[in-house]
Amino acid sequence: MADSKRNSQDDPNPRDWSTSLLLNIGRGLALFLAAFSLLNVIGELFHPGFDASGWWLDTRSVPSFVSRTLILVFAGLMFEFTRRPESSRFLNRVQKMAVAGVLVVAVRDAWVFHSLISQGAITTQFPLPLSIIVALLLLTIFGALHIRVRGRRTSARGKAMIFAATVGCTVTFPMLQIHCFGWTDYRRPANVAVVFECKVYASGNLSAALSDRVRSACELYHQELVGHLVMSRGPGQGNIHETDAMRDFAVSLGIPPSRILTDRSGLSTDETVAKTVPLFREHGFERVLAVSHFFHLPRIKLTYHRAGVDDFTVPARQQFQLPNEGFMLVRETVALWFYYARPLTGL
């Protein structure tokens, strides 16, 4: 009898599984968005350029101070909802207004995305913008805010739901970013296209993945979108430097050697960005296209952004699906969070 009474007090609605599920998943999603938003604002204070709020919400149309203040308010309201869903009617209304406001921005972002596609300004093989996913998350939170809770503690099952929703969002968010952003082709007139590193065999032959990247960059040159190409790679295992192998392949595709620059120490995304930024300044390159496979592009965008370069990404046109693509997706999911948080860890 005592256990039955305790369960009825612990769960918001123990007889209605769907209501409990909506409430606690909504609280878990709110916790993720609040934590990510707060981390962006705090990180920007200590490391200018850290803020990656644009991953889920485009607020470039308002001054940065206003944007960060509003994001902080939103984060605080979502933390409070996660901590205590039995808020006063006034606070509940304010929380709903905040979610509704962000929802409007997300829907606007989705409309802009599809407008750019219809105008031919961008193309994509994954026509679902991340802002649509964000809008669905916000709708879930908004629905959870409609559930009234009075004087009941969150049960162990409810806490498990909140935890699962937060962890699930943490794992799927970068994967969605990889697909929604990575498959979108932002090619446009620029000064230079950078081909990011991939494997060159000891024989000097390019791997299929690297061939796709170099071929895609050469396509940009032939379309007269760029005037120069930068090949970035390290010394390799054979007698020929990998950037020389990349350059030779580009020349075989009709690129004049004088239009090809090399970064001969690009053994990682970090090193390529660090070495190419001075190269851009030396040659007066102001607009940059970055060419790599779709799963790599969000990390490239983040790294160039923090280096002060507003690059535009172009996914390599793949002739064949990579046999290890699944592994690369998992790897990039982890790497994207690592690169994002690294300024705070000092690694």
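Hey, does the range 45-65 have a residue that's hydroxyl-bearing (S, T, Y) and within 19 Å of the chain's Cα centre (by Cα)?
Looking for residues that are hydroxyl-bearing (S, T, Y) and within 19 Å of the chain's Cα centre (by Cα), one finds at least one in the range 45-65, hence yes.
For the list (1) modelled with pLDDT of 95 or more; (2) surrounded by fewer than 17 Cβ atoms within 10 Å (Cβ to Cβ); (3) touching a Ser or Thr at 6+ places or on another chain (Cβ under 7 Å), I need the number of the one condition that V314 fails.
Just one mismatch for V314, condition (2).
Given the conditions (1) under 28 Å from I162 (Cβ atoms); (2) of a type outside the set (D, E, K, R); (3) touching a residue at least 60 places away in the same chain (Cβ under 8 Å); (4) not in a helix (DSSP H, G or I), which single one is not true for L128?
(3)
Do you know which residues across the range 150-193 are crowded, with 17+ Cβ neighbours inside 10 Å, farther than 20 Å from F312 by Cα and among the aliphatic types (A, V, I, L, M)?
Hits for the range 150-193 are M161, I162, A165.
Out of S37, S87, S20, I need the residue that is over 26 Å from the mean Cα position of the chain (by Cα), assigned to a helix (DSSP H, G or I) and small (G, A, S). Which one?
S20
Name, by its number, the condition in (1) closer than 17 Å to T313 by Cα; (2) in the same structural domain as Y339 (by TED's automatic domain parsing) that does not hold for S207.
Looking at each condition in turn, S207 falls short on (1).
Just to be sure before I move on: is T82 of a type in the set (S, T, N, Q) and either outside any helix (DSSP H, G or I) or touching a residue at least 60 places away in the same chain (Cβ under 8 Å) (or both) in the structure I sent?
Spelling it out, T82 is indeed of a type in the set (S, T, N, Q) and either outside any helix (DSSP H, G or I) or touching a residue at least 60 places away in the same chain (Cβ under 8 Å) (or both).
Of the residues R233, R213, R281, R259, which is out of contact with any Lys or Arg (no Cβ under 8 Å at 6 or more places or on another chain), under 22 Å from E325 (Cβ atoms) and among the basic types (K, R)?
Result of the check over R233, R213, R281, R259: R213.
Within the range 312-328, does at least one residue satisfy the condition of being touching a residue at least 40 places away in the same chain (Cβ under 8 Å), of a type outside the set (D, E, K, R), out of contact with any Phe, Trp or Tyr (no Cβ under 7 Å at 6 or more places or on another chain) and over 21 Å from D212 (Cβ atoms)?
no
On the basis of being in contact with a helix residue (DSSP H, G or I) (Cβ under 8 Å, 6 or more places away or on another chain) and within 30 Å of S155 (Cβ to Cβ), does L57 make the cut?
Here the answer is no, as L57 does not meet what is asked.
Can you tell me which residue is nearest to I162 (Cα to Cα) among those in the range 50-69 that are in contact with a Gly (Cβ under 8 Å, 6 or more places away or on another chain) and modelled with pLDDT of 90 or more?
D51
Given the conditions (1) more than 21 Å from the chain's Cα centre (by Cα); (2) closer than 26 Å to I71 by Cβ, report the number of the one that D109 does not fulfil.
With (1) more than 21 Å from the chain's Cα centre (by Cα); (2) closer than 26 Å to I71 by Cβ applied to D109, the lone miss is (1).
Out of the range 40-60, which residues are among the aliphatic types (A, V, I, L, M) and either within 26 Å of L128 (Cα to Cα) or outside any helix (DSSP H, G or I) (or both)?
Of everything in the range 40-60, those that are among the aliphatic types (A, V, I, L, M) and either within 26 Å of L128 (Cα to Cα) or outside any helix (DSSP H, G or I) (or both) turn out to be A52, L57.
Condition (residue is within 30 Å of V149 (Cβ to Cβ) and in a helix (DSSP H, G or I)) applied to the range 61-70: is it met by at least one residue?
Yes, there is a match, as at least one residue in the range 61-70 is within 30 Å of V149 (Cβ to Cβ) and in a helix (DSSP H, G or I).
Between a residue in the range 160-184 that is touching a residue at least 60 places away in the same chain (Cβ under 8 Å) and any residue that is assigned to a helix (DSSP H, G or I) and among the acidic types (D, E), which pairs come within a Cβ distance under 9 Å, given they are 6 or more apart or on different chains?
Close Cβ pairs satisfying both conditions: P174/E332; M175/E332; I178/E332; G182/E332.
Just one of the numbered conditions (1) buried (at least 19 other Cβ atoms within 10 Å of the Cβ); (2) closer than 13 Å to V194 by Cα; (3) of a type in the set (V, I, T) is not true of I255; which one?
(2)
Using the structure shown, decide if R213 is buried (at least 20 other Cβ atoms within 10 Å of the Cβ), within 17 Å of L289 (Cα to Cα), touching a Phe, Trp or Tyr at 6+ places or on another chain (Cβ under 8 Å) and not small (G, A, S).
Yes: the conditions hold for R213.
The values are calculated or read from the model by the stated rules, or taken from the named source; none is laboratory data. What you are looking at is a predicted structure, and each value in this text was computed from that prediction instead of being measured. All Cβ positions, glycine included, derive from the backbone under ideal geometry; neighbour counts span all protein chains shown.
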